[in-house]
Amino acid sequence: MIVKVLLPLNLNEPFDYKTDDEIKEGSLVEVPFGKEKTVGVVWQVNVASDLDDKKIRKIGKVLSYPPLSEAICKFVQFVAEYNMAPLGMVLKMVLSVKQVFGDAKMLKLYELSGKTLSEAKLKNSDARWRVIDFLKDGRVFARSEIALGAGVSDSVIKVMIESGILKEVLIENKKEFAQPICGFQKVKLNDEQQKAADYLCAKNGEGFGVTLLNGVTGSGKTEVYFEAVEKAFQAGKQVLILVPEIGLTSQWLGRFEKRFGVRPCEWHSALTPKERIDNWKAVINNEVKIIIGARSALFLPFADLGLIVVDESHDASFKQEDMVNYQGRDMAIVRAKYEQLHIILSTATPDLETICNVESGKYGEVKLQSRYAAAQMPEVKIIDLKKDKPVKGDWGKSWLAPSLCKKLQTNFDKGEQSVLFLNRRGYAPLVICRDCGYKIECPHCSAWLTEHLRIGKLVCHHCGYMTDIPKVCPNCQSEEGLSACGPGVERIAEEVKYRLPEARVKVLSSDFVTNFKEVQQVIKEMEEDKIDILVGTQILAKGHHFPELTLVGIVDADLGLMGSDLRAAERTYQLLSQVAGRAGRGVKKGEVYLQTLHPENAVLQALVKGNSDEFLELEKQTRRIMKMPPFGKLAAIIVSGSNKEITERTAIILGQAAFNCENITTLGPAPAPIFVLREKYRYRLLIKTAKNINIQDVIKQWLKRVKIPSNVRVETDIDPYSFY
Ligand code: ADP
Ligand code: ZN
Ligand code: ZN
């Protein structure tokens, strides 16, 4: 029989192989490929091949894993087609742990062979009898365990092995996963929460469905969806909880452990190779039931998935822009559809796409409108920086309005915690020479280098290039000229330390220089009230619960509103309300101050009113007029290459070959905002179509019209989130 086997490589088509055996679709098989062997998936069986029979090679061994389900295979196919990615590259995300296909490390254990002591011509001894007693009823143990359990020395066991009384058993060395304990520490839900939980639980097992769990920050959404998780688990199903990469905090893990008695099985980029192997195997073999993971967990080969939860579902980090471009939240819904199961989107700030789907009845919705227990929503106020101007101090420039400084002081005097939020890493976003005007740029990108004082380096936030902070201007050699321009979190922390020398001030930033552990450490100190004022980037926005935090200052509320990005307003609204939502989650009420030069801005006004409906309505109108998603479809084409002329010419030819008609508009090419990235020149085109048009098809036809030189890369980003 001839079968098609899909390989996890940068290819769009499965290859033909032959086999003498019956083989199921979805089976994992080892096949020869070139001079190598590689593992692929049987994509189709019993096909007719156009190839000469002699050229078709034979399948090697069939791996002992259960075959991938039809649902996963269809899901892979869909992700590839929708996102215009090579099929093999999507499969690669499923078969992401190569080591699981190698020879499993075997564990050597021992059991009784049935041969008696006298048959073995061994004397009866107490020690030997203890070993026999320990292993009776068919028990198997490792040598060291037998020694320990029977209280004998290893030499006793050695003799018993050599004489054939103990028999070797080889078993796969794999991790045993502790199973969650239902009702381990159930919290008592309030009426609103209980109603929401009942609704979600009732959806379990009813086939495909999407529900938005829409609850204000601090309303207890996690506790509520844990009920549905438990219900699915009780029904013997696997559960996937997707969180933004950065949201997988020890705080979240701690809450899970408190509720279910065990640590959950995790899936994210910080796992060790051994953990990746163990967890992947446990998922496909249905040995682990609840998995918490970042977006890549969506591609795990679940054996029997019963529920998906997407926590902080509005979060832009679910969108992947690397290798295969996809929106993890949307693809999670697709997977739920193929697997015929319920999916919960949990957030305090739903995105417009989700809201429109609720309004059209495609998704269900449950709401939590009040904070849990005594906690109230914080009060949000605007500080107009044009009137309330920051005043210079001995240390130099200031970024904090006098009224905000006063609030910080009062809050510190009361012994309560404060947070200052600025979504900019490092000390200063730019270093400029005051003598000659030279700005220090990345040698590989068209971007300024950010000064990171803590590590004494200038860093490119786009490609990771790092260099020591120069002592003199690289252009005019001036020794006094270089000066930091604008603030980053380090610089704000510096100012706070000058202003409140007694306060304990820390920076929380998700740098490549600060690792996961350091971040966890700072969060822990904040929880334990060992920090008075925490200055942080967007990492602050994600789900943290600091009960003693009562004041939040947003240093630059205008940052993020500027870009040409279609989601700029929405994203700023979400980010700022998430940060604001950190305040006053305990008994004491919280206050939030937004520093801005544009107090009349609609996004900020909506934050002050705490009225997300009003904001969403406005955003909806704008996008409807512009025919932007979700009222139209959008895709970006990014053309890049190291030869500037050829890249530019290709982009221009693509622009000329584009379709333009009533329902299709193509814009560009234009040089990308970051024109040079990692030494590649970049041009962007944007295609916008009506909703009823298959945008993927249009792009396919379009790209077919142009011959792309081999040194130019053309990448498609369906429903783009970044426009750099
Ligand atoms: P959200 O995710 O909606 O912001 P959380 O689920 O983090 O809210 O809940 C906020 C805080 O309130 C958490 O510390 C949580 O443990 C607590 N909480 C919420 N609901 C309950 C409940 N029914 N019983 C006890 N504690 C609760
Ligand atoms: Zn760079
Ligand atoms: Zn200079």
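The table for this structure:
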| read-out | value |
| --- | --- |
| Nearest-20 debye value, the chain charge dipole, Cβ charges on Lys, Arg, Asp, Glu | 600 debye |
| Leading residue at positive end of dipole, the chain (Cβ point charges), from Phe659, Leu170, Gly215 | Leu170 |
| Euclidean distance of C-alpha centroids, the range 144-217 and the range 534-549, integer Å | 32 Å |
| Beta bridges by DSSP in the chain, antiparallel share as percent, to the nearest 5 | 55 percent |
| Protection-proxy order for peptides 295-304, 35-44, 704-713, each taking the mean of Cβ atoms within 10 Å per residue, highest first | 295-304, 35-44, 704-713 |
| Relative contact order for the range 2-101, counting Cα pairs under 8 Å that sit 6 or more residues apart, in percent | 35 percent |
| Order by protection proxy (mean Cβ within 10 Å, highest first), peptides 305-316, 409-420 | 305-316, 409-420 |
| Folded to 0 to 90 degrees: helix 70-83 orientation relative to the chain principal axis, Cα | 30 degrees |
| Zero-based 10 Å bins, Cα pair distances in the chain, whole percents | 3, 12, 19, 23, 20, 12, 7, 4, 1, 0 |
| Sparse-neighbourhood loop sites, trypsin sites (Lys or Arg not before Pro) in the range 460-507 - DSSP loop, at most 11 other Cβ within 10 angstrom | Lys471 |
| Cα-based Kirkwood hydrodynamic radius, the range 330-408, one decimal, Å | 17.5 Å |
| Whole-Å distance, taken between Cα centres, linking the range 386-402 and the range 413-430 | 15 Å |
| Under Karplus coefficients 6.51, -1.76 and 1.60, residue-wise ³J(HN,Hα) of the range 595-607 in Hz, glycine/proline x | 8, 8, 9, 10, x, 8, 3, 4, 4, 5, 4, 5, 5 |
| Vicinal HN-Hα couplings computed from phi for the range 408-413 (Karplus, 6.51 cos²θ - 1.76 cosθ + 1.60; Hz; Gly/Pro x) | 4, 4, 4, 4, 5, 4 |
| Surface per residue (accessible, 1.4 Å probe) for the range 428-486, Å² | 52 Å² |
| Among Val358, Ser317, Leu618 - extreme Cα towards positive end, dipole of the chain, charges at beta-carbon | Ser317 |
| Within-13-Å neighbourhood charge of Ala651 [Cβ basis; K, R +1; D, E -1] | +3 |
| Solvent exposure of the range 1-96 as accessible area per residue, Å², 1.4 Å probe | 53 Å² |
| DSSP-defined antiparallel bridges as percent of all bridges, the range 397-541, nearest 5 | 60 percent |
| Sulfur and carbon atoms: percent of accessible area, the chain [1.4 Å] | 51 percent |
| Computed magnitude of the charge dipole of the range 260-401 (debye, nearest 20; Cβ of K, R +1, Cβ of D, E -1) | 380 debye |
| Sequence-distant residues sharing a close amide H with Val310 (under 5 Å, placed H) | Leu242, Ile344, Leu345, Ser346 |
| Net dipole in debye of the range 358-496 [+1 Lys, Arg Cβ; -1 Asp, Glu Cβ; about Cα centre; nearest 20] | 380 debye |
| Proximal lysines to Lys439, defined as alpha-carbon separation beneath 30 angstrom and excluding residues fewer than eight positions away on the same chain | Lys386, Lys389, Lys392, Lys397, Lys457, Lys471, Lys497, Lys506, Lys644, Lys680 |
| Percent of beta bridges antiparallel (DSSP, the range 191-368, rounded to nearest 5) | 10 percent |
| Spatial separation of Cα centroids for the range 32-89 and the range 634-700, in angstrom | 32 Å |
| CD proxy at 222 nm, helix term only [per DSSP H run n ≥ 4: -39500 (n - 2.57); per residue of the chain; nearest 500] | -9000 deg cm²/dmol |
| Accessible area in square angstrom per residue, the range 633-718, 1.4 angstrom probe | 52 Å² |
| Residue-by-residue Karplus 3J(HN,Hα) for the range 671-683, coefficients 6.51, -1.76, 1.60, Hz, glycine and proline x | x, 5, x, 9, 5, 10, 10, 6, 6, 10, 7, 9, 10 |
| Cα gyration tensor shape for the range 191-368, rounded if a/c is under 1.5, else prolate or oblate | rounded |
| Top positive-direction residue, dipole computed over the chain with Cβ charges, set Cys485, Leu453, Pro66 | Pro66 |
| Net charge of Cβ neighbours under 15 Å - reference Pro378; Lys, Arg +1; Asp, Glu -1 | +4 |
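The values are calculated or read from the model by the stated rules, or taken from the named source; none is laboratory data. Nothing here was measured: the structure is a model prediction, and the numbers come from that model. Reconstructed Cβ throughout: ideal geometry from the backbone, glycine too, with neighbour counts over all protein chains shown. Just so you know, the surface numbers come from the protein's heavy atoms only, side chains and all, with ligands and any DNA or RNA stripped out. Shrake-Rupley method; radii C 1.70, N 1.55, O 1.52, S 1.80 Å.
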